[in-house]
Amino acid sequence: MYKKVKGFRDIYGLESRYWQKVEKILKETFNSFNYQEFYLPVLEKTEVFNRGIGSTTDIVEKEMFAFEDRDGTHVALRPEGTASIVRAYVENKLYNPPATSKYYYIGPMFRRERPQKGRFRQFTQAGIEVFGSAGPAIDADVICILYKLAENLGIDKYVSMEINSIGCPECRPAYYEKLIDYFTDHKEELCEDCLRRLDKNPMRILDCKNPNCKTITKLAPVALDHLCDGCEEHFTGVKSYLDALEVPYNINPMMVRGLDYYVRTAFEMVTDKLGAQAAVGAGGRYDGLIKLLGGPEVPGIGFATGIDRIVALCMLDETEKENEIDAFVVSFKDISDKAAVKVVKLLRDAGISADMDYDFRKMKKQFSLADKNGARFTIVLGEDEMAKNTATVRDMESGGQEEIEISNINEYISDKLRRN
Ligand code: ATP
Ligand code: MG
């Protein structure tokens, strides 16, 4: 018996139904904000991520599925979408002619982290990126999309939006100095990871999950109190647009992004319904990234959501059925088998989802198949009906049934479905 690889999983049955619904709503929402889908490769040269995510991040330090290909190329399964899409934007010179570009992507990501509930080694992200707009109006709009997703999915009651400003290369050096001074005074209490962060990436200490570090960070200086005038004004702008859009948010000065090219707006949509895994989606402004990956100086902002976690939130409300087809045709070998395949075709051609039992089992069994498939209508083609060229259509919701001429069956069902 073969077993799947640790941290990977199969998605089927009810979860797959929710998954399809979630993907559909995500795409509709992105489209309504005028975002275009970008299909990206799953494999990239490792250097794209080393550079684009940063060599001091957890992802690059210890979470990548990276290997040497037979021809010696160093490649990695993508751990996130942003570095790839920026690579593609620069490589395909999509900055010409200059314009604001809005893209979205949906697909699997791979990180070799410790598997646990809500945390997998292959998971799926849906994300957006905007290139060419420096905000603050676009920042608020991007945050608004993330919130709108939650609303459209019916999970807004389970989430809250946290926002912050983490400054820019102008105000950051002075702030880092204060931050490093503060943590140097508390060096003995920091965890091993944070000791390393102290030199390379001090802001990351603020979101360390280690309880000791958490206690110390409570009184640490935060970027929000050290913004330059430009960042201050930008953040005020973001908040006022969010207010205009009526997006509810909390300001969380502890929420950070650990890399230099992340500037100003940072945000996260969190939940307390999934145990230790609180983050449903996260994003921020990354004005330096496109240049870092060889492009011109174009500002960028985006977010990524975890579909596995979104689906888990949607599944807290039990509304989906495992399957739901419009019609199931019950028929009998040598009596109505040919009529059945024709009726099923007629229905499918009319956009009605339909199925039948191609093994022509006993009638009782076929009714239970109809039930198992969640059929709204069962259409019985018995001997009597065949003699009259009709079918008995039973509405499984109301229990009522009617005899309908076979040639009218598609219109009859379409009409009933429309009236629902
Ligand atoms: P976390 O704090 O949970 O590790 P992260 O900061 O690593 O999240 P991002 O890199 O910002 O996450 O990715 C965006 C979203 O992708 C997260 O908010 C989460 O919903 C989802 N996600 C990230 N890692 C995983 C994983 N291993 N399994 C499932 N979903 C994940
Ligand atoms: Mg992580």
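The values are calculated or read from the model by the stated rules, or taken from the named source; none is laboratory data. Everything quoted here is computed from the prediction, not taken from an experiment. Cβ coordinates were reconstructed from backbone atoms using ideal geometry, including for glycine residues, and neighbour counts include every protein chain displayed.
Looking only at residues of region 106-127 that are more than 12 Å from ligand 2 (Cβ to nearest atom) and modelled with pLDDT of 95 or more, we find that the one that is nearest to the chain's Cα centre (by Cα) is A126.
Filter region 1-23 for residues that are in contact (Cβ under 8 Å) with a residue 12 or more places away in the chain and either touching a strand residue (DSSP E or B) at 6+ places or on another chain (Cβ under 8 Å) or surrounded by 12 or more Cβ atoms within 10 Å (Cβ to Cβ) (or both) and give the result.
Result: G7, F8, R9, L14, E15, R17, Y18, W19, K21, V22, E23.
Of the residues making up region 52-79, those that are on the phi < 0 side of the Ramachandran plot and in contact with a helix residue (DSSP H, G or I) (Cβ under 7 Å, 6 or more places away or on another chain) number 12.
Counting just the residues of region 136-175 that are of a type in the set (D, E, K, R) and part of a helix (DSSP H, G or I), which one comes out farthest from the chain's Cα centre (by Cα)? Even if it seems obvious, please write down each step before you answer.
Just the residues of region 136-175 that are of a type in the set (D, E, K, R), to begin with: 139, 141, 148, 151, 156-157, 162, 170, 172.
Now narrow it down to the ones that are part of a helix (DSSP H, G or I): 139, 141, 148, 151, 156-157, 172.
Values: D139: 19, D141: 17, K148: 13, E151: 14, D156: 15, K157: 18, R172: 31 Å.
The extreme case among them is R172.
Please enumerate the residues belonging to region 343-361 that are crowded, with 18+ Cβ neighbours inside 10 Å and in contact with a strand residue (DSSP E or B) (Cβ under 7 Å, 6 or more places away or on another chain). Once the filter is applied, which keeps residues that are crowded, with 18+ Cβ neighbours inside 10 Å and in contact with a strand residue (DSSP E or B) (Cβ under 7 Å, 6 or more places away or on another chain), region 343-361 yields V343, V344, L347, I352, A354, D355, M356.
If only one of L146, L153 is away from ligand 2 (no atom under 16 Å from the Cβ) and farther than 27 Å from D260 by Cα, which one is it?
On the way: L146 fails: farther than 27 Å from D260 by Cα.
None of the other options fit; the residue is L153.
Here L26 meets each of (1) outside any helix (DSSP H, G or I); (2) in contact (Cβ under 8 Å) with a residue 40 or more places away in the chain; (3) of a type in the set (A, V, I, L, M, F, W, C) with one exception, condition (1). The set of residues from region 29-39 being part of a loop (DSSP other than H, G, I, E, B) and either surrounded by fewer than 18 Cβ atoms within 10 Å (Cβ to Cβ) or without any contact (Cβ under 8 Å) to a residue 40 or more places away in the chain (or both) comprises F33, N34, Y39. Within region 50-77, being within 16 Å of ligand 2 (Cβ to nearest atom), modelled with pLDDT of 95 or more and in a loop (DSSP other than H, G, I, E, B) holds for M64, F65. Which members of region 296-334 meet the condition of being surrounded by fewer than 16 Cβ atoms within 10 Å (Cβ to Cβ), more than 28 Å from the chain's Cα centre (by Cα) and of a type outside the set (D, E)? P296, K333, listed by residue number. On the stretch given as region 110-129, residues that are surrounded by fewer than 21 Cβ atoms within 10 Å (Cβ to Cβ) and of a type in the set (A, V, I, L, M) total 0.
Evaluate region 149-159: report whether one residue or more is among the charged types (D, E, K, R), in contact (Cβ under 8 Å) with a residue 60 or more places away in the chain and in the same structural domain as L245 (by TED's automatic domain parsing). Checked region 149-159: no residue is among the charged types (D, E, K, R), in contact (Cβ under 8 Å) with a residue 60 or more places away in the chain and in the same structural domain as L245 (by TED's automatic domain parsing). Is at least one residue of region 221-236 touching a residue at least 24 places away in the same chain (Cβ under 8 Å), touching a His at 6+ places or on another chain (Cβ under 7 Å) and among the aromatic types (F, W, Y)? No, the conditions are met nowhere in region 221-236. In region 78-105, which residue that is buried (at least 20 other Cβ atoms within 10 Å of the Cβ) and in a strand (DSSP E or B) is farthest from the chain's Cα centre (by Cα)? Restricting to residues being buried (at least 20 other Cβ atoms within 10 Å of the Cβ) and in a strand (DSSP E or B), the top hit is K102.
For (1) within 16 Å of ligand 2 (Cβ to nearest atom); (2) over 23 Å from E23 (Cα atoms); (3) modelled with pLDDT of 95 or more, each residue gets a yes or a no:
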| position | (1), (2), (3) |
| --- | --- |
| G258 | yes, yes, no |
| Y261 | no, yes, no |
| M269 | yes, no, yes |
| T305 | yes, no, yes |
| C314 | no, no, yes |
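Residues that are touching a helix residue (DSSP H, G or I) at 6+ places or on another chain (Cβ under 9 Å) and surrounded by 16 or more Cβ atoms within 10 Å (Cβ to Cβ): does region 362-372 have at least one? Taking every residue of region 362-372 in turn, none turns out to be touching a helix residue (DSSP H, G or I) at 6+ places or on another chain (Cβ under 9 Å) and surrounded by 16 or more Cβ atoms within 10 Å (Cβ to Cβ).
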